[in-house]
Amino acid sequence: MIAAALDLERVPAHVACVMDGNGRWAQSRGLPRTEGHRAGEEALFDVVEGALDIGVEWLTVYAFSTENWRRPADEVRFLLDFNEDILLRRRDELHQWGVRVRFVGRRDQRVPKRLLGLMDDAIRLTEHNSRMTLAIAFNYGGRAEIVDAVRAVVSAGMRPEQITERTIARRLYDPEMPEPDLMIRTSGESRTSNFLLWGLAYSELYFTDTAWPDFRRGDLYEAIRVYQERERRFGRLAPNGAGPSNASVAASNGDG
C-alpha cells in the first residue's frame, strides 16, 4: 500500500508499536534469535521514515519490557548491547531527520550506566527537533508505570479527594505523551502485553500476522487505512452516525 491511498487529514497523531516476532522470525529461518533483533532494526527505521512521510507526530515502540529480563542471559545481554549500538550508529541520522528522541521506562540498577548515558545523550541531541517524537519504551511495563505514578502521588502527600485521572497522568513517565490513537502489534499475537496500559484506554488496536522484521512502511499504511475506516465514539452515541473528533474527546476527558 502507498501513502496516497490514505486520508492525510486523518492520520493518527500517535502510533504505538509492539515490535513482536523477531526471535520466531529468526528461528523459522534456522538462525539464532539474536539475528531477528538485528533484522528488526531495518524494519524500525523504515517505519520511522514512513511515519515521517505522512505526518505522524508521535511514534512509540516497545523495545524492552520489564518482563524481558526473564529471557536467557545471553539474549538479554545482546539486547542491551544492541540498543547501545543502535544509539551510537543511528542517533545522528534521527537528528538529521528532525526526530526528537524520548525514552519511557524505569531507570533502575538493571540498566547499565553506559546505556543510560547514551539515552541521555540522544535526548539532549534531539530535544529541539519537532518533526516527530520517537518514544522508545525501554525497561518499560504498563503496570510499573502506573505504580510509579501512584507512588509519586503518595509522596506528594495528596488527599484521596484530590486525586483525579489527570493527577495520575501528570506523573506518568512522559506527561507530554499523548494517548495513542492506534496501537499496532505484529507477529499474530492479539494482546497488549503490559504496553502503555493507561494510554491505550481508547486506542484502536490493530493486529497483524506479519513478523516485525518483515514489517515495512506499507504495512504501517495498511494499519492506518484500517484505522481510518473505524468510527471512534469513545463510549458515546454519535449524532448522525458521525464520531466525535479526537480534539473534542481529549477536551471532554480532561478533569481537574
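The values are calculated or read from the model by the stated rules, or taken from the named source; none is laboratory data. On a predicted model such as this, the values are computed, not experimentally measured, just so you know. All Cβ positions, even for glycine, are placed from backbone atoms using ideal geometry, and neighbour counts span all protein chains on display. To get the accessible areas, we keep the full protein, side chains included, count just its heavy atoms, and leave off ligands, DNA and RNA. Shrake-Rupley method; radii C 1.70, N 1.55, O 1.52, S 1.80 Å.
Of all residues in the range 55-82 being buried (at least 17 other Cβ atoms within 10 Å of the Cβ) and of a type in the set (Val, Ile, Thr), which is farthest from ARG106 (Cα to Cα)? Ranking the qualifying residues of the range 55-82, first place goes to VAL56.
Within the range 139-167, restricting attention to residues that are touching a residue at least 60 places away in the same chain (Cβ under 8 Å) and open to solvent by less than 60 Å² (accessible area, probe 1.4 Å), the residue that is nearest to THR60 (Cα to Cα) is TYR140. Only one entry in TYR202, TYR173, TYR206 is closer than 30 Å to GLY157 by Cβ, among the aromatic types (Phe, Trp, Tyr), out of contact with any Ser or Thr (no Cβ under 9 Å at 6 or more places or on another chain) and touching a residue at least 24 places away in the same chain (Cβ under 8 Å), namely TYR173. Checking ASP20, ASP46 one by one, the residue that is acidic (Asp, Glu), surrounded by 15 or more Cβ atoms within 10 Å (Cβ to Cβ), under 21 Å from the mean Cα position of the chain (by Cα) and outside any helix (DSSP H, G or I) is ASP20 and no other.
Cβ-Cβ contacts under 8 Å between residues 6 or more apart (or on different chains), taken from a first residue in the range 183-198 that is without any contact (Cβ under 8 Å) to a residue 12 or more places away in the chain to a second residue that is assigned to a strand (DSSP E or B), are listed as ARG191/ARG185.
Looking only at residues in the range 175-193 that are buried (at least 17 other Cβ atoms within 10 Å of the Cβ) and over 12 Å from the mean Cα position of the chain (by Cα), the one that is nearest to ARG24 (Cα to Cα) is SER187. Checking the range 162-169 against the condition returns no match, with no residue being among the β-branched types (Val, Ile, Thr), touching a Leu at 6+ places or on another chain (Cβ under 9 Å) and at negative phi. Whenever a residue of the range 1-22 is farther than 30 Å from VAL76 by Cβ and touching a residue at least 40 places away in the same chain (Cβ under 8 Å), its partners that are assigned to a helix (DSSP H, G or I) and open to solvent by 70 Å² or more (accessible area, probe 1.4 Å), lying with C-beta atoms within less than 7 angstrom and at least six residues away or across chains, give the pairs MET1/ARG225; ALA3/ASP53; ALA5/ARG225; LEU6/ARG225.
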